[in-house]
Amino acid sequence: MTEPIRIRPPAPAELLWLSALTRQNMQPFYRQHAKEWDEAVFQTSLAQSCNLLMLHREECIGALRYTIQPPFLYLNDLQVSPGWQRRGYGRMLLRHAFCLAAAAGLSTLRLAVFKSNPAIALYHEQGFAIVGEHGKLWRMACSLPEADE
């Protein structure tokens, strides 16, 4: 992965791409659990989140959405475009989230993930543990290493 990768906030027009990517990636899980995508709910969440895009050269290939809820950085979404998946970009976005949390002085990353989502393996690999459940979702958390370690 020596290609030029950048992570930056989206321009207003790119929020449409972010919304479409999230809907595309999440649709199979929504169908599996007989849930309907609610664009209004997503747009509200989008407006309340810090949003970042991952670009390969100038092509948007992934997105990270998070909120800071001290002492946690809560991952609302970590999405990678289907053609770019399974190449380490999700791991790179997750590591970026760890850096954001550390820079903000936060101690823990948290997220919720559908129990059937294969991304759970990535989260376990990166140190996340299941800390609870809510219906079809696992609640997961990972403590950041202490600064003196």
Single residue of ALA121, ALA102, ALA129 found to be surrounded by fewer than 16 Cβ atoms within 10 Å (Cβ to Cβ), over 18 Å from TYR30 (Cβ atoms), of a type outside the set (D, E, K, R) and in contact (Cβ under 8 Å) with a residue 40 or more places away in the chain | ALA102
Restrict the check to segment 61-73 and report whether at least one residue is modelled with pLDDT under 95 and at positive phi.
-> no
Give me a count of the residues in segment 1-58 that are out of contact with any Pro (no Cβ under 8 Å at 6 or more places or on another chain), among the polar types (S, T, N, Q) and in contact (Cβ under 8 Å) with a residue 40 or more places away in the chain.
-> 2
Inspect all residues belonging to segment 93-113 and state whether any of them is aromatic (Phe, Trp, Tyr) and either under 19 Å from LYS35 (Cβ atoms) or in contact with a strand residue (DSSP E or B) (Cβ under 6 Å, 6 or more places away or on another chain) (or both).
-> no
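The values are calculated or read from the model by the stated rules, or taken from the named source; none is laboratory data. Note that this is a predicted model, so its numbers are computed, not measured. Note: ideal-geometry Cβ built from the backbone for every residue, glycine included; neighbour counts use all protein chains shown.
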